[in-house]
Amino acid sequence: FGRIGRLLARILLSHAGGGSSLRLRAIVVRKNSEDDLVKRASLLRRDSIHGPFNGTITVDHEKEIIWANGTAIQMIYSDDPASIDYTAYGIDNAIVVDNTGAWRDREGLSQHLKAKGISRVLLTAPGKGDIKNIVYGINNEKITDEDQILSAASCTTNGITPVLKVINDR
């Protein structure tokens, strides 16, 4: 739940209730301390670059939930992505967005697919090996229904590729 994770959370929360099929349901992290939930809520509440969260954030300590603008975000503490049972939280057929940087190849990222309730994985860093690196608007037509693991490429690639495509096409 680093910078990328928190920014993605803010984006998903800003679209909540708008008919979007993507909803933030849970965040999986390693527990760092007894007040971990409060610290993570605080990090979501304030960002040194992007400013304060637009809305309210509260914490339910008993259920380990961060409430953001009325949306319940279940905190799941785990060191092993394959062992998580998302269905126990009412989550099924879900997409895991991996922004840990711990795994960038098919073997590592496939651990998420072993978890109950997960159907796809999106990596927020360049993928290695045969993982498709997708830049939306450039090569997203290469995504197939069979793709279970995809990479959103790097921030540099996403920043420069659209400009290079325009130059190349011109």
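Readers should treat all values here as calculations from the given coordinates under stated rules, not as data from a laboratory. Nothing here was measured: the structure is a model prediction, and the numbers come from that model. Cβ coordinates were reconstructed from backbone atoms using ideal geometry, including for glycine residues, and neighbour counts include every protein chain displayed.
Listing for the model above:
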read-out: Mean separation of Cα contacts under 8 Å, 6 or more apart, over the residue count of the chain: relative contact order %; value: 15 percent
read-out: Cα-based helix-to-principal-axis angle, 3-14 vs the chain, degrees rounded to 10; value: 80 degrees
read-out: Label-point separation, Arg30 to Arg120 (7 Å along Cα→Cβ), nm; value: 2.9 nm
read-out: Helix axis angle, 36-45 relative to the chain longest principal axis, alpha carbon, degrees; value: 60 degrees
read-out: Karplus (6.51, -1.76, 1.60) ³J(HN,Hα), θ = phi - 60°, over segment 160-166, in Hz, Gly and Pro reported as x; value: 9, 4, x, 5, 5, 5, 4
read-out: Calculated from backbone phi, Karplus (6.51, -1.76, 1.60) coupling profile of segment 145-150 in Hz, x at Gly/Pro; value: 4, 7, 5, 9, 10, 9
read-out: Three-way shape label, segment 59-168, alpha-carbon gyration tensor, a/c 1.5; value: prolate
read-out: Full-stretch length increase - Asp85, Arg23 - with 0.36 nm per residue and alpha-carbon distance subtracted; value: 20.5 nm
read-out: Gain on full stretching of the segment that runs from Ile160 to Asp147 - 0.36 nm per residue minus C-alpha separation; value: 2.2 nm
read-out: Ellipsoid equivalent to segment 59-107 - semi-axes via the Cα gyration tensor, in Å; value: 23, 13, 12
read-out: Rounded if a/c under 1.5, otherwise prolate or oblate - segment 32-118, Cα gyration tensor axes; value: prolate
read-out: Gyration tensor verdict on segment 125-170 (Cα atoms; rounded if a/c is under 1.5, prolate if a/b is larger than b/c, oblate otherwise); value: oblate
